[in-house]
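Undergrad: Got a structure here, written out as structure tokens. Questions coming.
What follows draws every value from the coordinates through simple rules; no lab data is involved. Here the structure is a predicted model, which is why all the values come from computation and not from measurement. Note that each Cβ is placed from the backbone with ideal geometry, even for glycine, and that neighbours are counted across all protein chains shown.
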Amino acid sequence: MPDDRLKRKLFGQKVGVEELMEIISLWNLRPAAMKRLEKIIRKDFRKTPHLFRYYVPAGFPDKVREFEELFAKKAGVPFALAVNSCTSALLASLAACGVGPGDEVIVPAYTFFISASIIVTARAIPVLAEIDETLTLDPVDLEKKITRRTKAIIAVHMIGRPCRMDAIMRIAKKHKLKVIEDTAQACGGSYKGKFLGSFGDCGCFSFDPFKILTCGEGGVITLKDEWLYTRCQSYQDSSACWRPDRYAKERKPGEIFCGENYRQSQVHAAIGIAQLRKLDMIIRSLRENRDRIIAGIRKSGKFRIVPSADPKGEAGTSIVLMFNNAKEAEKAGSALAGAGISSGRLYSPRLRDWHTYPYWEHIIGKKTITKEGCPFTCSFYKGKLPRYSADMCPRTSDILGRSVAIWVSPAFGAQDCRQIAEAINTVESCPKGIPSGNVKS
């Protein structure tokens, strides 16, 4: 056993230089650089950091609170709540909006399956609606799917493309429904000049490695209503560390309930702050590269560029080509991929992808965590269950089956954009394939 002096040195600070060096090692610096950094840090190391979301001591930075305030300002809303993922953000939002047994929630048939499966997690019934050619929720089909049991709408801004939020909000107001925006794939995008995620009751964002901003893992909920903000806090931290007086009785019925713990750490928030500072530059570069590519695409008899609810508001992460039929889309998709262009069909009967509803066995098969089958068998649900099937949203399957997405990177240079446009143009004249290139993905 170490003596008392050594124990004080080893354990006097719960988190010290060793932990910081492990974090820095993620940046894969050379060993010599790591040694120099460690020497500098050890010389100036004073206090163990505070990494927990709450109870930040005086004199220590509260990076989570700073991140929330910066994000709320960016989104143009009074409240932002940092959580550990967009999945957590969606579930907390559903809970805050009072969604539960006996309720239905409408979700588009084109989204990552979590947007639908999280409704089941909230013990409600997911109702799938068609998309239109903007690749987002079709307002006409949305209104058709509303019943007296509908409680909320999840509007998903897929692949950087804004939903028709004016129509969706008009329908929601007419039927007194909550709106949750899934903005996981469109952080920084807008609709008619307004930040995506600021239209509905709750806006949900993702910061995993595949999104526009990343903390490794993380999410944010944006809100305008203080009571919903309070309920989201209660769900994401049922330990009640967020409350001014943690152990006090609830100040208003519905403030305290059995929730989860989805807190974001100070480390993730610190990364989020640095990422958020880059957001405008990232979006500007994405849109610039998107416009460069589109400007170089010649008019074609085989395809057209998919329309947008607001071209200026797109995040710019993709350009989608819609072909006359699925066969032509399949050929073009294969040719573009073979040429090294970062691209892909949005739906294929031969390629499993959880972004398209025919592969949502979780929903179609009404799979649940226990054999009782709730919420699909729940006695509180008095409606008629949707007839889930792989062909229940035929228009969505048709649109996606004819669509090929070209993925845009903010790192593209002018030459990359020209090469992508040339490859797309070659689809028209070279059905057997496109010469290979090297475009950064």
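Undergrad: Using the Karplus curve 6.51 cos²θ - 1.76 cosθ + 1.60 with θ = phi - 60°, work out ³J(HN,Hα) for each residue of the range 189-204 in order, rounded to whole Hz, and write x for Gly and Pro.
TA: In residue order, the calculated couplings are x, 9, 9, 6, x, 10, 4, 5, x, 10, 8, x, 6, 9, x, 10 Hz.
Undergrad: Determine the principal axes of the Cα atoms in the range 1-105, then give the extent along each, sorted from largest to smallest and rounded to whole angstroms.
TA: Over the range 1-105, Cα extents along the principal axes are 61, 33, 28 Å.
Undergrad: Another question about this same structure. With springs only between Cα atoms under 10 Å, which of Met158, Met392, Met281 fluctuates most in a Gaussian network model of the chain?
TA: Highest fluctuation among the options: Met281.
Undergrad: Scan the range 352-410 for trypsin sites (Lys or Arg not before Pro) in coil per DSSP, keeping those whose Cβ has at most 13 other Cβ atoms within 10 Å, and list them by number.
TA: On the way: sites: Arg352, Lys366, Lys367, Lys371, Lys382, Lys384, Arg387, Arg395, Arg402; in loops: Arg352, Lys366, Lys367, Lys371, Lys382, Lys384, Arg387, Arg402.
Sparse-neighbourhood loop trypsin sites (Lys or Arg not before Pro): Arg352, Lys367, Lys371, Lys382, Lys384, Arg387.
Undergrad: Springs between alpha-carbon pairs under 10 angstrom, Gaussian network model over the chain: which of Asp138, Asp245, Asp62 fluctuates most?
TA: Checking each option, the largest mean-square fluctuation is seen for Asp245.
Undergrad: As a check on your grasp of the helix formula, calculate [θ] at 222 nm for the chain: sum -39500 (n - 2.57) over DSSP H runs of n ≥ 4, divide by the residue count, round to the nearest 500. Walk me through the numbers on the way to the answer.
TA: Values: 14 runs with 163 residues, N = 441.
One gets -11500 deg cm²/dmol as the mean residue ellipticity at 222 nm.
Undergrad: Which semi-axes, in whole Å and largest first, does the equivalent ellipsoid of the range 63-273 have when worked out from the alpha carbon gyration tensor as the square roots of 5 times its eigenvalues?
TA: Numbers: eigenvalues 132, 85, 42 Å².
Equivalent-ellipsoid dimensions as semi-axes: 26, 21, 14 Å.
Undergrad: Continuing with this model, one more query. Applying a 10 Å radius around every beta-carbon, put 306-314, 116-124 in order of their mean neighbour count, most first. Let's see the in-between values first.
TA: Numbers: 306-314: 19.0, 116-124: 22.2.
With the highest mean Cβ count within 10 Å placed first, the list reads 116-124, 306-314.
Undergrad: Remind me, relative contact order of the chain in percent, using alpha carbon pairs under 8 angstrom and six or more residues apart? Let's see the in-between values first.
TA: Numbers: 841 pairs, mean separation 77.7, N = 441.
Once normalised by length, the contact order is 18 percent.
Undergrad: Hey, what D do you get for the range 158-284 in µm²/s if you plug the Kirkwood alpha-carbon radius into Stokes-Einstein at 25 °C and 0.890 mPa s? Walk me through the intermediate numbers first.
TA: Details: Rh = 16.2 Å.
It comes out at roughly 152 µm²/s.
Undergrad: Hey, can you rank 35-47, 160-172, 287-299, 209-221 by average C-beta count inside 10 Å, highest first? Present the calculation step by step, with values, prior to reporting the outcome.
TA: Values: 35-47: 10.9, 160-172: 22.7, 287-299: 16.8, 209-221: 20.8.
Top to bottom by mean Cβ count within 10 Å: 160-172, 209-221, 287-299, 35-47.
Undergrad: Turning to a different aspect of this structure: Show me 326-332, 131-137 ranked by packing, highest mean number of other Cβ atoms within 10 Å first. Numbers along the way, then the final one.
TA: Details: 326-332: 18.6, 131-137: 23.1.
Output ranking for 326-332, 131-137: 131-137, 326-332.
Undergrad: Of all the Cα-Cα pairs you can form in the chain, what percent are over 38 Å apart?
TA: Details: 29705 of 97020 pairs.
Across the chain, Cα pairs with separations above 38 Å total 31 percent.
Undergrad: While we're on this one: Whole-Hz Karplus ³J(HN,Hα) for the range 333-343, in order, using 6.51 cos²θ - 1.76 cosθ + 1.60 and θ = phi - 60°, x for Gly and Pro?
TA: Once θ is set to phi - 60°, the couplings for the range 333-343 become x, 5, 5, 5, 5, x, 8, x, 8, 6, 7 Hz.
Undergrad: Determine the relative contact order of the range 63-273: mean sequence separation of Cα pairs under 8 Å and six or more apart, normalised by residue count, in whole percent.
TA: On the way: 462 pairs, mean separation 54.5, N = 211.
Reported relative contact order: 26 percent.
Undergrad: Take the residue pairs Lys63/Lys211; Lys74/Lys176; Lys145/Lys174; Lys151/Lys384 and return only those whose Cα atoms are more than 18 Å apart. All intermediate terms of the calculation are to be shown ahead of the outcome.
TA: Values: Lys63/Lys211 21 Å; Lys74/Lys176 28 Å; Lys145/Lys174 14 Å; Lys151/Lys384 15 Å.
As for pairs spanning more than 18 Å Cα to Cα, those are Lys63/Lys211; Lys74/Lys176.
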